[in-house]
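This report concerns only the one structure given below.
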Amino acid sequence: MADTETAFVIHNDNALQTLVPSLERLLPSSTPLLRRIQYDIAHPRDTAYYLASSNLAPQSPGDDNGPWIAAYVDLFAARETQVWVYSSLEAEVDNAHDDDKPHISTFSSISTERQAVARRQVWDLLQYINRELMPAFEAYYHKTLAATTTTSTHKVLPPHKPPAMLLGTLHSGLIQLLSSNDSYTNATFRPGLKVHRYDVTPYVKYIFEPSIFQTAGDEEHTLPRGYRYGEQGLLPQHVELVRSRTHIPREPQTLLSMPSVVIYHDASKEIGDENGPSPVAWGFMWLDGSLATLHVEPEHRGKGLAVLLSREIMRRGMASGTYGPAGPLAYTHADVALENTASRRVMEKVGGQKRWSVTWTVVEVVH
């Protein structure tokens, strides 16, 4: 019921038996949260929580306990994405769209009763995080991080401080549910919620089916003559080069921990030491199984490297076992700014399907 406070259950100890199967049944709409949890199961963090409303999807497909909500929360990620949220309503809407025109995905086709339940759930989730999880992080922040000055020569998004939190790749329909005027672009948010920032023009979510990047015999996607993949992914000495090419805050240790693929250009056959040349293209499979920080240096563009690199990142990342088993459920995804037509063209050449719109938002529960 929409007027009943949502009860939440922590699934850290039994996610593979409960939360993961529930998310797998709703693929591909659940891809970001599912992959984030699978990555954390493979590389656990003591500060992470897997949450779900107590009415999590029943085991019998015919049963309906109403909309449910789930989240991955790690406030100690600090400047990076701290919260991933998924509502089962996302699987109930037709997400296909033509993004040549600005498109904002909503839940308008779903009954007002189900929307009301989801609205209560997402608000209760934010309050739960603020009440139960934020105090420990806030104490840690003021003791450890607040006095730390972060200097960077790179242009990055401004940092936020607790009790504000950063929600990533959030379905635009969910943030609209948090508005009091049922608007996304001109939202007036509900009492008790302060939204520090969100993408008024949302990002486009691309979904990649496994057949796009899986190859016969698990072979590499062949590069043009003179180019080669690095055997080790991103090397420590190239971290600052990568960070200088993106406005998104990326911590060095996070970049080095992610599955990555780099491409080198050999000026001569004698060059074989990766400690010598710098990579000319790179990309990562991010914590949530998304294609991220894809970049090709300007002088090497126009040769199809971005498409091949994208498929190779997804092939290696999903074959690693870090994001669950390879096979027919091995969906991956990417988020691209609507106005970034060059990157959107690359995603479409790779074979991505435009599905829904998302935002990154910094929110704070206020009293």
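The values are calculated or read from the model by the stated rules, or taken from the named source; none is laboratory data. Keep in mind it's a predicted model, so treat the numbers as computed, not measured. For neighbour counting, all protein chains shown are included, and Cβ atoms are generated from backbone atoms with ideal geometry for every residue, glycine included.
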Could you check how many residues of region 311-343 are within 21 Å of Val204 (Cα to Cα) and in contact with a Phe, Trp or Tyr (Cβ under 8 Å, 6 or more places away or on another chain)?
12
Among the residues of region 1-53, count how many are under 17 Å from Tyr128 (Cβ atoms), within 17 Å of the chain's Cα centre (by Cα) and not hydrophobic (A, V, I, L, M, F, W, C).
2
Every listed condition ((1) modelled with pLDDT of 95 or more; (2) over 25 Å from Ala334 (Cβ atoms)) holds for His171 save (2)
Criterion violated by Leu309 - all others in (1) part of a strand (DSSP E or B); (2) more than 17 Å from the chain's Cα centre (by Cα) satisfied
(1)
Can you spot a residue in region 40-63 that is over 30 Å from Glu339 (Cα atoms), surrounded by 15 or more Cβ atoms within 10 Å (Cβ to Cβ), modelled with pLDDT under 95 and in contact with a Lys or Arg (Cβ under 8 Å, 6 or more places away or on another chain)?
yes
Does Ser257 meet the test of being surrounded by fewer than 19 Cβ atoms within 10 Å (Cβ to Cβ) and within 24 Å of the chain's Cα centre (by Cα)?
yes
So is Pro298 within 15 Å of Val239 (Cα to Cα), surrounded by fewer than 19 Cβ atoms within 10 Å (Cβ to Cβ) and not polar (S, T, N, Q) or not?
no
Would you pick out the residues in region 334-352 that are part of a helix (DSSP H, G or I) and surrounded by fewer than 20 Cβ atoms within 10 Å (Cβ to Cβ)?
Thr341, Ala342, Ser343, Arg345, Glu348, Lys349
Those residues of region 1-52 which are aromatic (Phe, Trp, Tyr) and in a helix (DSSP H, G or I) amount to Tyr39
Would you mind telling me which numbered condition in (1) farther than 29 Å from Leu33 by Cα; (2) modelled with pLDDT of 95 or more; (3) not small (Gly, Ala, Ser) Asp273 fails?
(2)
Among Ala334, Ala292, Ala281, Ala306, which is the only one that is among the hydrophobic types (A, V, I, L, M, F, W, C), at pLDDT below 95 and at negative phi?
Ala292
Can you name the residue in region 1-23 that is hydrophobic (A, V, I, L, M, F, W, C) and within 15 Å of Arg35 (Cβ to Cβ) and, of all such residues, is surrounded by the fewest Cβ atoms within 10 Å (Cβ to Cβ)?
Leu16
Hey, does region 277-284 have a residue that's under 21 Å from the mean Cα position of the chain (by Cα) and over 26 Å from Ala342 (Cα atoms)?
no
For Leu27, indicate whether it is outside the structural domain of Ala326 (by TED's automatic domain parsing) and either surrounded by 24 or more Cβ atoms within 10 Å (Cβ to Cβ) or at pLDDT 95 or above (or both).
yes
Enumerated strands (runs of 3 or more DSSP E) restricted to region 166-276, each holding at least 1 residues that are touching a Pro at 6+ places or on another chain (Cβ under 6 Å) and within 14 Å of Thr359 (Cα to Cα):
none
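Given the criterion small (Gly, Ala, Ser) and either without any contact (Cβ under 8 Å) to a residue 24 or more places away in the chain or more than 17 Å from His221 (Cβ to Cβ) (or both), identify the matching residue among Ala292, Ala326.
Ala292
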